[in-house]
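The structure appears below as structure tokens.
The values are calculated or read from the model by the stated rules, or taken from the named source; none is laboratory data. Note that the structure is a prediction, hence the values are computed from the model and not measured. Cβ sites come from the backbone with ideal geometry, for glycine too, and all protein chains shown count toward neighbours. The area values use the complete protein model at the heavy-atom level, side chains included, leaving out ligands, DNA and RNA. Shrake-Rupley method; radii C 1.70, N 1.55, O 1.52, S 1.80 Å.
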Amino acid sequence: MQDALLMAAGGTGITFLMTAIGAALVFFAAKKVNVIANRIFLGFAAGVMIAASVWSLLIPAMEEEQQRGGIGWIPAAGGLVLGVLFL
């Protein structure tokens, strides 16, 4: 049990560290990147987040609801609409 907890904490810590380092690079490179490159980077990041939400969240939610015998798209669509309203 303790080994599993330590491994989970280590994995979470490494993920946090890599995310923090990647975000910190923005402060050093923000003045050196031109507007077109900045738009490309933001578009790529938006595409990655949309893909992650669809394949990692929406599709599994629809499959799980269908396994329960319900209509798969209803909870996923409701969550998507609530997310859009929240943003």
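Against the numbered list (1) part of a helix (DSSP H, G or I); (2) surrounded by 11 or more Cβ atoms within 10 Å (Cβ to Cβ); (3) more than 16 Å from the chain's Cα centre (by Cα), Gly83 comes up short only at (3). Scanning the range 34-47 for residues that are open to solvent by less than 70 Å² (accessible area, probe 1.4 Å) and among the aliphatic types (A, V, I, L, M) turns up Ala37, Ala45, Ala46. Criterion first (surrounded by 10 or more Cβ atoms within 10 Å (Cβ to Cβ) and within 24 Å of Gly83 (Cα to Cα)) does Leu17 satisfy it? In short, no.
For the range 24-33, indicate whether the set of residues that are open to solvent by less than 90 Å² (accessible area, probe 1.4 Å) and either among the polar types (S, T, N, Q) or under 19 Å from Val84 (Cα atoms) (or both) is non-empty. For the range 24-33, residues open to solvent by less than 90 Å² (accessible area, probe 1.4 Å) and either among the polar types (S, T, N, Q) or under 19 Å from Val84 (Cα atoms) (or both): absent.
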